[in-house]
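S.K.: Here's a structure for you.
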């Protein structure tokens with residue numbers, strides 16, 4: 001199973017109430033020529049923006065951007081992260097006699 005991203009950050013206004021209107025997640029893997037995959041986030045009752053089950057199918061140096069719109073401004077957060085290659089799994093099962 002490939003790693004995935006499911007929950008983004010929480011944005012709170014100065015009074016502690018949620019100030020976000022919308023948020024979008026953009027993921028790209030420039031080293032493999034994968035253009036940004038864009039997903040809309042949903043604000044849930046827990047106060048967090050969720051982007052369910054965004055698969056990260058390849059290892060490498062990924063770029064992530066989150067665009068959030070509040071009542072007063074557009075906020076863009078960007079960062080890079082590495083997904084390590086996984087060692088190959090077993091090719092079969094062996095049992096002791």
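The values are calculated or read from the model by the stated rules, or taken from the named source; none is laboratory data. Just so it is clear, the structure is predicted and the values come from calculations on it, not from any experiment. All Cβ positions, even for glycine, are placed from backbone atoms using ideal geometry, and neighbour counts span all protein chains on display.
S.K.: Restricting the first residue to the stretch 70-97 and requiring it to be at pLDDT below 85, which pairs with a second residue that is surrounded by 10 or more Cβ atoms within 10 Å (Cβ to Cβ) meet a Cβ separation below 6 Å and a spacing of at least six or different chains?
M.R.: Final answer for the pair search is 70/19; 70/20; 71/19.
S.K.: For the stretch 20-38, how many residues are farther than 16 Å from residue 61 by Cα and touching a residue at least 24 places away in the same chain (Cβ under 8 Å)? Can you show your working first?
M.R.: The first filter runs over the stretch 20-38 and keeps only residues farther than 16 Å from residue 61 by Cα, leaving 20-25, 38.
Now restrict to residues that are touching a residue at least 24 places away in the same chain (Cβ under 8 Å): 20-25.
Within the stretch 20-38, residues that are farther than 16 Å from residue 61 by Cα and touching a residue at least 24 places away in the same chain (Cβ under 8 Å) number 6.
S.K.: Looking at the stretch 7-31 only, could you name the residues that are touching a strand residue (DSSP E or B) at 6+ places or on another chain (Cβ under 6 Å) and either modelled with pLDDT of 80 or more or exposed (fewer than 13 other Cβ atoms within 10 Å of the Cβ) (or both)? Even if it seems obvious, please write down each step before you answer.
M.R.: As a first pass, look at the stretch 7-31 and keep what is touching a strand residue (DSSP E or B) at 6+ places or on another chain (Cβ under 6 Å): 7-8, 11, 19-29, 31.
Of everything in the stretch 7-31, those that are touching a strand residue (DSSP E or B) at 6+ places or on another chain (Cβ under 6 Å) and either modelled with pLDDT of 80 or more or exposed (fewer than 13 other Cβ atoms within 10 Å of the Cβ) (or both) turn out to be 21, 22, 23, 24, 25, 26, 27, 28, 29, 31.
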